[in-house]
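Asker: Pasting a structure here, questions to come.
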Amino acid sequence: MSSAPFTYEPVGATRDDLTFCPPGFRPMLVRTRLGEGHAVFRRAAEAVLTWEMHRTLGVGIDAGADRAAPGVDVTVTLAGVVKAPCRVIWTTEEPRRAGWAYGTLEGHPECGEEAFVVDRTGDGTVWLTVSAFSKPAKWYAKAGGPATRGFQHAYARRCGAVLKHLCEDQPES
């Protein structure tokens, strides 16, 4: 764990409200239906909490622990070039909800918070929600304008597709 400060406020805002977006930031909320049942939920939760979903996406993950936990520093590497340092700020592992969020550190192309949460609704449907509030921090993220936003949304949709594929062999119940 490092002591590098976060690059934004309010840190941890997504914990209780995945739709929260402070003034000056852009919101993102992408939900993907993964399947149904406890086995699908457990498989999806484990893949999110252990970085498996991200690694299967093909992004580099350099994490200070094998599992998401508050205070763990993580550097996500995109295309082998763009490094995005961040720190896990909260995790949850409940019978029907599991996931984590990170906050950006100096050097991340964006400034803000992003959460990856798996939940099982009352009817047994399992969902992945990727939510964020962010704004560009690096010149290339600012220069990218709408393309940067498009990339963020495509990344969130790809997380859902990859996680759904990882859960396909689980029985629905």
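The values are calculated or read from the model by the stated rules, or taken from the named source; none is laboratory data. Keep in mind the model is a prediction, meaning the values are calculated, not measured. Cβ placement follows ideal geometry from the backbone for every residue including glycine, while neighbour counts extend to all protein chains displayed. Accessible surface is based on the protein model in full, side chains and every heavy atom, while ligands, DNA and RNA are left aside. Shrake-Rupley method; radii C 1.70, N 1.55, O 1.52, S 1.80 Å.
Asker: Checking Thr19 against (1) open to solvent by 50 Å² or more (accessible area, probe 1.4 Å); (2) farther than 20 Å from Ala132 by Cβ, which single condition isn't satisfied?
Answerer: That leaves (2) as the condition not met.
Asker: Scan the range 75-87 and give yes if some residue there is among the hydrophobic types (A, V, I, L, M, F, W, C), touching a strand residue (DSSP E or B) at 6+ places or on another chain (Cβ under 8 Å) and in a loop (DSSP other than H, G, I, E, B), otherwise no.
Answerer: No; the residues of the range 75-87 include none that is among the hydrophobic types (A, V, I, L, M, F, W, C), touching a strand residue (DSSP E or B) at 6+ places or on another chain (Cβ under 8 Å) and in a loop (DSSP other than H, G, I, E, B).
Asker: Looking at the range 99-108, is at least one residue among the charged types (D, E, K, R) and not in a loop (DSSP other than H, G, I, E, B)?
Answerer: Within the range 99-108 (the criterion being among the charged types (D, E, K, R) and not in a loop (DSSP other than H, G, I, E, B)), the answer is no, since none of the residues qualifies.
Asker: Determine whether the range 35-58 contains at least one residue that is on the phi < 0 side of the Ramachandran plot, open to solvent by less than 60 Å² (accessible area, probe 1.4 Å) and part of a strand (DSSP E or B).
Answerer: No, there is no match, as no residue in the range 35-58 is on the phi < 0 side of the Ramachandran plot, open to solvent by less than 60 Å² (accessible area, probe 1.4 Å) and part of a strand (DSSP E or B).
Asker: Here is a follow-up. Among the numbered conditions (1) touching a residue at least 60 places away in the same chain (Cβ under 8 Å); (2) in contact with a Pro (Cβ under 6 Å, 6 or more places away or on another chain), tell me where Gly107 comes up short.
Answerer: Result: Gly107 fails condition (1) only.
Asker: Is it the case, given these coordinates, that Arg120 is of a type in the set (D, E, K, R) and under 16 Å from Val162 (Cα atoms)?
Answerer: When the stated conditions are applied, Arg120 does not pass them.
Asker: Give just the number: which of (1) farther than 29 Å from Pro146 by Cβ; (2) at pLDDT 95 or above; (3) surrounded by fewer than 16 Cβ atoms within 10 Å (Cβ to Cβ) does Thr92 not satisfy?
Answerer: Against the list (1) farther than 29 Å from Pro146 by Cβ; (2) at pLDDT 95 or above; (3) surrounded by fewer than 16 Cβ atoms within 10 Å (Cβ to Cβ), Thr92 comes up short only on (3).
Asker: Considering the range 119-173 alone, what residues qualify as being part of a loop (DSSP other than H, G, I, E, B), in contact (Cβ under 8 Å) with a residue 60 or more places away in the chain, polar (S, T, N, Q) and surrounded by fewer than 18 Cβ atoms within 10 Å (Cβ to Cβ)?
Answerer: The one that is part of a loop (DSSP other than H, G, I, E, B), in contact (Cβ under 8 Å) with a residue 60 or more places away in the chain, polar (S, T, N, Q) and surrounded by fewer than 18 Cβ atoms within 10 Å (Cβ to Cβ): Ser173.
Asker: In a loop (DSSP other than H, G, I, E, B) and basic (Lys, Arg), is that true of Arg67?
Answerer: Answer is yes for this residue.
Asker: Can you confirm whether Thr77 is open to solvent by 30 Å² or more (accessible area, probe 1.4 Å), within 15 Å of the chain's Cα centre (by Cα), over 15 Å from Gly103 (Cα atoms) and of a type outside the set (D, E, K, R)?
Answerer: So Thr77 does not fit the description; no.
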